[in-house]
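What follows is one structure encoded as structure tokens, with my remarks underneath.
The values are calculated or read from the model by the stated rules, or taken from the named source; none is laboratory data. These numbers come from a predicted model, not from an experiment. Every residue, glycine among them, receives a Cβ derived from its backbone with ideal geometry; neighbour counts consider all protein chains shown. Ligands, DNA and RNA are stripped out before the accessible areas are found, and what is left, the full protein with its side chains, is counted by its heavy atoms. Shrake-Rupley method; radii C 1.70, N 1.55, O 1.52, S 1.80 Å.
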Amino acid sequence: MSIQRLSYLGRNLLRELHPLCPGLRRIRARGPVLRADTHVVVCAWRRWSSSQQSLKCWKCNKEIPISEKENARFLCWCDKQVVLPPTTHDYFKIMGCPMSFTVDLEHLKETYKQLQRILHPDRFTTKTAIEQDYSAQQSALVNKAYTTLLKPYPRGLYMLHLHGLAIDEKDNTGTDLEFLEQMMKINEEIYEMEPSSQRLKEIRDLNIHYLQTCIKEVETFFSEGNYSGAKEGLARMKYFVNIEEELLQRVGLS
């Protein structure tokens, strides 16, 4: 193929791709496009298209591009917001949050409220069966994403899951015998005390301190990409979380 033909193809390909791929570097409008430039454009197109999926709206039949890097899509704007099937099961993308152990809780709560106002099945009781089904799927996913990301411990477990790691119920990684004996002693003490005991308040204050310290450690591990360290920290955190839940039950706050 001649350089002139490559120039023509490259320039027209860039013209088509630029609105979709703003990251592509511009090629000068005048003068020939070299083989290397055309190769850059073609490779960029292949990288971009390989990361794309498409979803066809069941109502208007429109192709909706879905990128792995984008947040979840819930609606097609045809016929006054037709509900789409789930486009991702990534909880961070569903809630519009960056994948991080540190989450903006105000943003998370507001996003949850907004999505449920749009997707809650009660809004679709008079709609078609397919819209009722999709709204139920989407609403359930939003609920699961919200409850998972709301608190540090389930959020951390989910981040481990995204990196192929998990903590088994019997997994005592990061805990030694002394730590386990201390946790057992505290649980026994809680069980034997009256709900109005001042000692329960003292135990809770101390447990909250340990829990917050553990959360900060896990946050540091995740930010450093140290997933084995995060796993060990979460293994310890589950004991402090369990003690907090037990204390709340004992004083009647759960």
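How compact is region 183-254 by the rule of thumb for globular proteins, expressed as Cα Rg over 2.2 N^0.38 Å? Numbers along the way, then the final one.
Working: Rg = 13.9 Å, N = 72, 2.2 N^0.38 = 11.2 Å.
It is 1.25.
Compactness ratio for region 109-178: Cα radius of gyration over 2.2 N^0.38 Å (N = residue count) comes to 1.59. Rounded to the nearest whole angstrom, the semi-axes of the ellipsoid equivalent to region 163-223, taken from the Cα gyration tensor as √(5λ), stand at 27, 16, 10, largest first. Sequentially through region 206-223, phi angles give Karplus couplings (6.51, -1.76, 1.60; θ = phi - 60°) of 5, 5, 4, 4, 4, 5, 5, 4, 5, 4, 5, 5, 5, 4, 5, 4, 5, 5 Hz, Gly and Pro residues having no value and appearing as x. Measuring only protein heavy atoms, the 1.4 Å probe finds PHE240 accessible over about 20 Å². As a calculated quantity, the FRET efficiency between LYS185 and LYS216 at R0 = 35 Å, using C-beta atoms, amounts to about 0.90.
Past the 27 Å Cα-Cα mark, which pairs from LYS56/LYS109; LYS59/LYS151; LYS185/LYS238; LYS185/LYS231? Spell out each step's value before the answer.
Numbers: LYS56/LYS109 30 Å; LYS59/LYS151 37 Å; LYS185/LYS238 16 Å; LYS185/LYS231 24 Å.
Flagged as over cut-off: LYS56/LYS109; LYS59/LYS151.
Using only alpha-carbon positions in region 71-156, the gyration tensor eigenvalues give semi-axes of 25, 12, 11 Å once each is multiplied by 5 and square-rooted (largest first). Shown here is the pair-distance distribution of region 113-254: with all Cα-Cα distances grouped in 5 Å bins from zero up to the longest one, the shares run 2, 9, 15, 15, 13, 12, 11, 9, 7, 4, 2, 0 percent.
Counting only protein heavy atoms and a 1.4 Å probe, tell me what percentage of region 113-254's accessible area is made up of carbon and sulfur. The partial results should precede the final answer.
Numbers: 4340 of 8520 Å².
For region 113-254, the apolar C and S fraction of the accessible surface comes to 51 percent.
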